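Engineer: Here's a structure for you.
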Amino acid sequence: MKMSGVVPFIAMIVQQLAQVGLAVVAKGAMSTGMTSFTYTFYSSAFSTLLLIPISFFLHRSAIPPLWPTFLYGFFLLGIMGFLMQVLGLLGLQYSSPLLSTAILQLIPGFTFILAVILRMETFEYKSLSTMAKTIGTLVAIIGAFVATLYKGPQVFGINPLNTILTTPSAWAIGGLLTMICSIIASLFIISQAFVLKKYPAELILMLFYSCCVTILCAVFSLIIERDLNSWSLSPHSRLMAVVYSGLFGNVFQVCIGAWCVRKKGPLFVVMFHPLGIVVAMAASIFMGEIIHVGSLVGSIIIVIGFYSVIWGQSKEWTKKEKNLRSNNNKMPFLQDKNDDDLEVNI
């Protein structure tokens, strides 16, 4: 395999490492007193500052016009992103990086359900690919409830850093908040697809998205947060977490994801997502957190459901590609026939 063929694999592995790293540094920052609102505000603000020069430099030759409709779409994505990030961080605060990473694998299944409800996708009950996605979604949801509601005996780890996390109620709240975050993320993906069809400039979109999230977090933080300590970037670990989140969040994830989709396709990208569960498990063990049987069993069930959904989706993508190639192959014959008819008429 040539080096050019290896680079996308390395890029996706690094992306998953960075994704789990986001959960680890966020949990570390919040354990020192930062809240989900202030942490999201700082990280989104830093992302916005990074995206301003990058987006306008890359799109300097052809920036699509910003009509009011697009701005409404950006603001809607910003609201969903605000809810998604705040609820995701709250879920992480009550649970662990392993549980959060595992439950986020529900996003493809939830996206399929919402696409069927919104009639963006037809539910063909006789189709093998549709049945695979349906069963995979149900299996993944069952795995999420197993990981959330059943802890079981301890497998790895020592006494946790935060004794509040030992209570089953806190663990269940964390899992349910992350599930809600996954549903909102699915809505975000569908809405983002609509906006990008009309405004095909990913970095400009992410710039306005980060800006909206920053503004919303600032407003809610000023209303809700009364503790000035939650705004402080001291100790040094808070500042490092914010910088890491801003750099490896929106900017890095969007650039690497878009590049790999262009090189290898969307299926290649999503196939690497369960790798994050393995990385999160190693990170949780390293942080000294307890890993229970419920988390392991639930994560395995989620991964099985995840790959079932992806298998069904890959079958549909393959079918669409074959139909597209078939139509393209027919076009020359139609063109030849039209030319012959034109000659006869002449």
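Engineer: Once phi is turned into θ = phi - 60°, what whole-Hz ³J(HN,Hα) does the Karplus curve with 6.51, -1.76 and 1.60 give for every residue of the stretch 114-122, x standing for Gly and Pro?
Structural biologist: So the Karplus estimates, Gly and Pro as x, are 5, 5, 5, 4, 7, 6, 7, 9, 7 Hz.
Engineer: Are there chymotrypsin sites (Phe, Trp or Tyr not before Pro) in the stretch 119-151 that DSSP marks as loop and that have at most 10 other Cβ atoms within 10 Å, and which are they?
Structural biologist: Here the sparse-neighbourhood loop sites are 125.
Engineer: Let me ask you something else. Work out, step by step, the length gained on full extension between residue 311 and residue 282: first 0.36 nm times the residue separation, then minus their alpha carbon distance; give nm to one decimal.
Structural biologist: Stretched out fully, the residue 311 to residue 282 stretch lengthens by 7.7 nm.
Engineer: Using amide H atoms built in the peptide plane, which far-off residues or other-chain residues are under 5 Å from residue 121 H to H?
Structural biologist: 116
Engineer: Rounded, prolate or oblate for the stretch 205-295? Axes are the square roots of the Cα gyration tensor eigenvalues, ordered a ≥ b ≥ c, and the cut-off for rounded is a/c under 1.5.
Structural biologist: oblate
Engineer: State, to one decimal in nm, how far the label point of residue 69 lies from the label point of residue 304, with both points 7 Å from Cα in the Cβ direction.
Structural biologist: 4.6 nm
Engineer: Here is a further query. Most fluctuating residue of 34, 120, 84 in a GNM of the chain with Cα springs under 10 Å: which is it?
Structural biologist: 120
Engineer: Would you kindly state the longest site-free stretch of the chain, with sites defined as trypsin sites (Lys or Arg not before Pro) in a DSSP loop (not H, G, I, E, B) surrounded by at most 15 other Cβ atoms within 10 Å?
Structural biologist: 227-346
Engineer: Under a GNM of the chain (C-alpha, springs under 10 Å), which listed residue has the highest mean-square fluctuation: 253, 85, 93?
Structural biologist: Among 253, 85, 93, the largest mean-square fluctuation in the Gaussian network model of the chain belongs to 253.
Engineer: Past the 23 Å Cα-Cα mark, which pairs from 198/319; 126/319; 126/315?
Structural biologist: Beyond 23 Å: 198/319.
Engineer: Starting from the amide H of residue 291, placed 1.01 Å from N in the peptide plane, find each other amide H under 5 Å away whose residue is 5 or more places distant or on another chain.
Structural biologist: Those qualifying (amide H under 5 Å, at least 5 residues apart or on another chain) are 155, 156, 157.
Engineer: While we're on this one: About the Cα centre of the chain, what is the dipole size in debye to 20, counting +1 per Lys and Arg Cβ and -1 per Asp and Glu Cβ, all else neutral?
Structural biologist: The calculated dipole for the chain is roughly 280 debye.
Engineer: Stokes-Einstein diffusion coefficient for the stretch 175-240 at 25 °C in a medium of 0.890 mPa s, Rh from the Kirkwood formula over Cα pairs: what value in µm²/s?
Structural biologist: 167 µm²/s
Engineer: What whole-number value in Å² describes the accessible area per residue of the chain for a 1.4 Å probe?
Structural biologist: Value for the chain: 53 Å² per residue.
Engineer: Could you tell me what percent of the accessible area of the stretch 1-93 is made up of carbon and sulfur, with a 1.4 Å probe and every protein chain present?
Structural biologist: 78 percent
Engineer: Now for a separate question. Tell me the Kirkwood hydrodynamic radius of the stretch 72-217 in angstroms, computed as one over the mean inverse distance between distinct C-alpha pairs.
Structural biologist: By the Kirkwood definition, the hydrodynamic radius is 16.9 Å.
Engineer: Give or take rounding to whole Å, what are the principal axis extents of the alpha carbon atoms in the chain, in descending order?
Structural biologist: Principal axes ranked by extent give 87, 45, 43 Å for the Cα atoms.
The values are calculated or read from the model by the stated rules, or taken from the named source; none is laboratory data. Since the model is a prediction, treat every value here as computed from it, not as a measurement. Reconstructed Cβ throughout: ideal geometry from the backbone, glycine too, with neighbour counts over all protein chains shown. SASA here: full protein model, heavy atoms, side chains in, ligands and nucleic acids out. Shrake-Rupley method; radii C 1.70, N 1.55, O 1.52, S 1.80 Å.
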